[in-house]
Amino acid sequence: MMREDEGRGAGRLFISERELAWQLGVHPSTLTRLAQQGHLPVEPVHVGHRRVYPRAAVEKLAGGA
């Protein structure tokens, strides 16, 4: 099943923590905790109080790029 907004962000350079959590099948607070502990394999970029993740790095880990 495809989410309604999946096609809209295909060209974006970053994905949100919420989107990454959805893709991984975990709760966003799990990513928050892991990022704060330094246990994520992708370094988040801080934009104000939010963390976003470089799409290229996430796809590289997934084997898509």
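A few comments on the model shown:
- Other residues within the sphere of radius under 15 Å centred on the Cβ of THR30, judged by their own Cβ, net out at +1 (K and R +1, D and E -1).
- Remark on PHE14: its backbone amide H falls under 5 Å from those of ARG55, a criterion applied only to residues 5 or more positions apart or on other chains, H modelled at 1.01 Å from N.
- Taking every protein chain into account, the accessible area of segment 13-65 amounts to 71 square angstrom per residue (probe 1.4 Å).
- Around VAL42: net Lys/Arg minus Asp/Glu count, Cβ-Cβ under 14 Å: -1
- ³J(HN,Hα) computed for each position of segment 24-35 - Karplus, 6.51 cos²θ - 1.76 cosθ + 1.60, integer Hz, glycine/proline x: 7, x, 10, 6, x, 5, 5, 5, 4, 4, 5, 5
The values are calculated or read from the model by the stated rules, or taken from the named source; none is laboratory data. Treat the numbers as computed from the prediction; the structure is a model and nothing was measured. Glycine also receives a Cβ, built like all others from the backbone with ideal geometry; neighbour counts cover every protein chain displayed. Protein only, heavy atoms only, side chains kept; ligands, DNA and RNA dropped before computing areas. Shrake-Rupley method; radii C 1.70, N 1.55, O 1.52, S 1.80 Å.
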